[in-house]
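Visitor: Structure in structure tokens, see below.
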Amino acid sequence: MTAYLNALGVICALGRDKDEVARNLFAGDCSGMRTEAGWVPERSFPVASVRGKLSAIPAELATQSSRNNQLLLEAALQIRDDIDLAIQTYGRERIGVILGTSTSGIDEASRGLAHYIREQQFPADYDYQQQELGAPANFLADWLQLNGPAYVISTACTSSARALMSAQRLLDLGLCDAVLCGGVDTLCKLTLNGFSALEAVSEQRCNPFSANRNGINIGEAAVLFLMTKHAGAGSPIALLGSVASSDAHHISAPEPSGRGALQAMRKALSRAGLQPKQIDYLNLHGTATQHNDAMESLAVTTLFPSGVPCSSSKPMTGHTLGAAGALEAAFCWLSLSAANPEQALPPHIWDGQPDPDLPPLKWVTPADRLASIAPRYLMSNSFAFGGNNVSLIIGDAP
């Protein structure tokens, strides 16, 4: 069954709605990546934050107040009309909420615990619900008064890619007629200190696949798709193939040959009924760590020996962790949508210094264009700790 992606709400360092995000994405705008101090003691490094005031959590849901839920609310408000139409069409009990996150509202919890240590009591605005991993789905379901399945997937940096997979399964099984799916993750000291302790954070803008790459930048984002069994207005875009694999190689390092990544990409193609030569663009996981880029380049050149236009968008958005899979799927969606009248592709931004130890890839430049005639097929990769791999294929619906 085709899973149509009928609406998209998105907020990240590139912008606060899909048109602004698309405009800055295709322009290769990295201005949202800014160097900041205060996250990790005695260190400054670039982070990709959402700037400006966020919508307040409604008063009746005050116990669920967190920056994570505020970002999610911003994305949901962008597609509120589409959500309301789905409620009228299908009923509240037939709409699910499946989201991915890695830290949920842990920033509020960390500050609450610090207050407790100092004062022997929690602050008045602290509530345990803020930090629960299920908090984003619970909040969205409560705010919209939805009664379908609502849960959160937390598999590190594949979380929201898996949320899209799970949403598609709920439609296939007939358990839902529509699913709000995507992901949300927020900058916080816990994450930044954790990756800093792993010596994985770069003090410059990340430089994926370069000989000079030296780590990731962290960002924040919220992404929300409305996925249904029926095509919406305009040219329909669909999730055509979605597959996960697990090579279980190491708790934090990828399997060096890219075996699990290759398996995910091959099976996604098989599920979509496509051949590698039919893929028009590949959004790479592309974290700019030594091990990820080496592994991914091997897997990609094995599957695409003649090359495929590809890029990593993380120099523009940072690595948004639990939101990354849905955010980069959103970039594929935007590439196919009316928000991209020039048929541009997300450019690969780096210093242009290839690593001689990596097989060369076919990098997207600002001059590259998608075909204007359907069908067009785009792939997005997400890889995570524990050897956890997901590949999604998004394209013009048949």
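The values are calculated or read from the model by the stated rules, or taken from the named source; none is laboratory data. These numbers were taken from a predicted model, which means no experiment stands behind them. Cβ sites come from the backbone with ideal geometry, for glycine too, and all protein chains shown count toward neighbours.
Visitor: Can you tell me which residue among D351, D293 is more than 17 Å from F26 (Cα to Cα), surrounded by 22 or more Cβ atoms within 10 Å (Cβ to Cβ) and among the charged types (D, E, K, R)? Talk me through it step by step, then tell me what you get.
Guide: Working: D351 fails: surrounded by 22 or more Cβ atoms within 10 Å (Cβ to Cβ).
On inspection, the qualifying residue turns out to be D293.
Residue-by-condition table, conditions (1) within 17 Å of E255 (Cα to Cα); (2) under 17 Å from the mean Cα position of the chain (by Cα):
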residue: I279; (1), (2): no, no
residue: Q290; (1), (2): yes, no
residue: P309; (1), (2): no, no
residue: M316; (1), (2): no, yes
residue: T320; (1), (2): no, yes
residue: M379; (1), (2): no, yes
residue: P398; (1), (2): no, no
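Visitor: Just the residues that are over 19 Å from S313 (Cα atoms) and at pLDDT below 95, please, taken from segment 169-218. Before you say what the answer is, go through the steps one by one.
Guide: In the first step, residues of segment 169-218 are kept if they are over 19 Å from S313 (Cα atoms); the result is 169-181, 188-199.
Answer for segment 169-218, where residues must be over 19 Å from S313 (Cα atoms) and at pLDDT below 95: C188, K189, L190, T191, L192, N193, G194, F195, S196, A197, L198, E199.
Visitor: Next question, about the same structure. Examine segment 147-161 for a residue that is touching a helix residue (DSSP H, G or I) at 6+ places or on another chain (Cβ under 8 Å), modelled with pLDDT of 95 or more and at positive phi, and state whether such a residue exists.
Guide: No, every residue in segment 147-161 fails to be touching a helix residue (DSSP H, G or I) at 6+ places or on another chain (Cβ under 8 Å), modelled with pLDDT of 95 or more and at positive phi.
Visitor: Follow-up question, since we're still on this one. Name the pairs whose Cβ atoms lie under 6 Å apart, with the first residue in segment 332-343 and touching a residue at least 60 places away in the same chain (Cβ under 8 Å) and surrounded by 15 or more Cβ atoms within 10 Å (Cβ to Cβ), the second assigned to a helix (DSSP H, G or I) and among the basic types (K, R), and 6 or more positions between them or separate chains?
Guide: Listed pairs, sorted by first residue: A339/K18.
Visitor: Taking segment 41-60, which residues are out of contact with any Phe, Trp or Tyr (no Cβ under 9 Å at 6 or more places or on another chain) and within 20 Å of P315 (Cβ to Cβ)?
Guide: If the condition is that a residue be out of contact with any Phe, Trp or Tyr (no Cβ under 9 Å at 6 or more places or on another chain) and within 20 Å of P315 (Cβ to Cβ), then R43, S44, P46, A48, S49, V50, R51 are the ones that fit.
Visitor: Residue pairs, Cβ under 7 Å, 6 or more apart or interchain, first in segment 41-61 and more than 19 Å from R16 (Cβ to Cβ), second of a type in the set (G, A, S) and loosely packed, with under 14 Cβ neighbours inside 10 Å. List them.
Guide: S44/A37
Visitor: Among the residues of segment 167-182, write down those that are on the phi < 0 side of the Ramachandran plot and crowded, with 19+ Cβ neighbours inside 10 Å. Break it down into steps so the answer makes sense when it comes.
Guide: First pass over segment 167-182, keeping only residues on the phi < 0 side of the Ramachandran plot: 167-173, 175-181.
If the condition is that a residue be on the phi < 0 side of the Ramachandran plot and crowded, with 19+ Cβ neighbours inside 10 Å, then A167, Q168, L170, L171, C176, D177, A178, V179, L180, C181 are the ones that fit.
Visitor: Which is touching a helix residue (DSSP H, G or I) at 6+ places or on another chain (Cβ under 8 Å) and buried (at least 20 other Cβ atoms within 10 Å of the Cβ), of F139, F122? Before the answer, list the steps.
Guide: Numbers: F122 fails: buried (at least 20 other Cβ atoms within 10 Å of the Cβ).
Criteria check complete, one pass: F139.
Visitor: When segment 371-380 is examined, which residues are found to be hydrophobic (A, V, I, L, M, F, W, C) and closer than 26 Å to D351 by Cβ? Break it down stepwise before answering.
Guide: Of segment 371-380, the ones hydrophobic (A, V, I, L, M, F, W, C) are 371, 373-374, 378-379.
Those that are hydrophobic (A, V, I, L, M, F, W, C) and closer than 26 Å to D351 by Cβ: L378, M379.
Visitor: Does K267 count as outside any strand (DSSP E or B), touching a strand residue (DSSP E or B) at 6+ places or on another chain (Cβ under 6 Å) and of a type in the set (D, E, K, R)? Lay out the reasoning, then the answer.
Guide: Working: outside any strand (DSSP E or B): yes; touching a strand residue (DSSP E or B) at 6+ places or on another chain (Cβ under 6 Å): yes; of a type in the set (D, E, K, R): yes.
Criteria met by K267.
Visitor: Going residue by residue through segment 274-291, is there one that turns out to be of a type in the set (S, T, Y), part of a strand (DSSP E or B) and closer than 24 Å to A156 by Cα?
Guide: Filtering segment 274-291 for residues of a type in the set (S, T, Y) gives 281, 287, 289.
Among the residues that remain, those that are also part of a strand (DSSP E or B) are: 281.
If we keep only those that are closer than 24 Å to A156 by Cα too, we end up with none.
No, segment 274-291 contains no residue that is of a type in the set (S, T, Y), part of a strand (DSSP E or B) and closer than 24 Å to A156 by Cα.
Visitor: Determine whether E74 is in contact with a Gly (Cβ under 8 Å, 6 or more places away or on another chain) and not polar (S, T, N, Q). Break it down into steps so the answer makes sense when it comes.
Guide: Working: in contact with a Gly (Cβ under 8 Å, 6 or more places away or on another chain): yes; not polar (S, T, N, Q): yes.
Answer is yes for this residue.
Visitor: Using the structure shown, decide if I251 is β-branched (V, I, T) and at pLDDT below 95.
Guide: So I251 passes the test.
Visitor: Need a quick list: strands (runs of 3 or more DSSP E) entirely within segment 300-398 having at least 1 residues that are charged (D, E, K, R). Write out each step before concluding.
Guide: Working: elements: 309-311, 377-384, 388-396.
Answer list for segment 300-398: 388-396.
Visitor: Another question, then. From the list I394, I349, exactly one residue is under 21 Å from the mean Cα position of the chain (by Cα) and either polar (S, T, N, Q) or within 23 Å of Q168 (Cβ to Cβ) (or both). Which is it?
Guide: Result of the check over I394, I349: I394.
Visitor: Please return the ranges of helices (runs of 4 or more DSSP H) entirely within segment 1-99 where 2 or more residues are more than 18 Å from L224 (Cα to Cα).
Guide: Details: elements: 18-26, 67-78, 80-90.
Per the criteria, 18-26, 80-90.
Visitor: Considering segment 51-86 alone, what residues qualify as being farther than 30 Å from L171 by Cβ and aliphatic (A, V, I, L, M)?
Guide: So in segment 51-86, the residues farther than 30 Å from L171 by Cβ come out as 51-54, 56, 59-60, 62-63, 65, 67.
Selection gives L54, A56, A59, A62.
Visitor: I've got another one for you. Residue check, K267 against (1) surrounded by fewer than 24 Cβ atoms within 10 Å (Cβ to Cβ); (2) in contact with a helix residue (DSSP H, G or I) (Cβ under 9 Å, 6 or more places away or on another chain), all met but one. Which one?
Guide: Result: K267 fails condition (2) only.
Visitor: Continuing with the same structure: Are any residues in segment 152-192 among the basic types (K, R), in contact with a Gly (Cβ under 8 Å, 6 or more places away or on another chain) and more than 21 Å from A141 (Cα to Cα), and if so, which ones?
Guide: Result: no residue meets the conditions.
Visitor: Which ones in segment 3-45 are of a type in the set (V, I, T), surrounded by fewer than 19 Cβ atoms within 10 Å (Cβ to Cβ) and either within 20 Å of I237 (Cα to Cα) or modelled with pLDDT under 95 (or both)? Let's see the steps before the verdict.
Guide: Here is the first cut: in segment 3-45, the ones of a type in the set (V, I, T) are 10-11, 21, 35, 40.
From what's left, surrounded by fewer than 19 Cβ atoms within 10 Å (Cβ to Cβ): 35, 40.
Answer for segment 3-45, where residues must be of a type in the set (V, I, T), surrounded by fewer than 19 Cβ atoms within 10 Å (Cβ to Cβ) and either within 20 Å of I237 (Cα to Cα) or modelled with pLDDT under 95 (or both): just V40.
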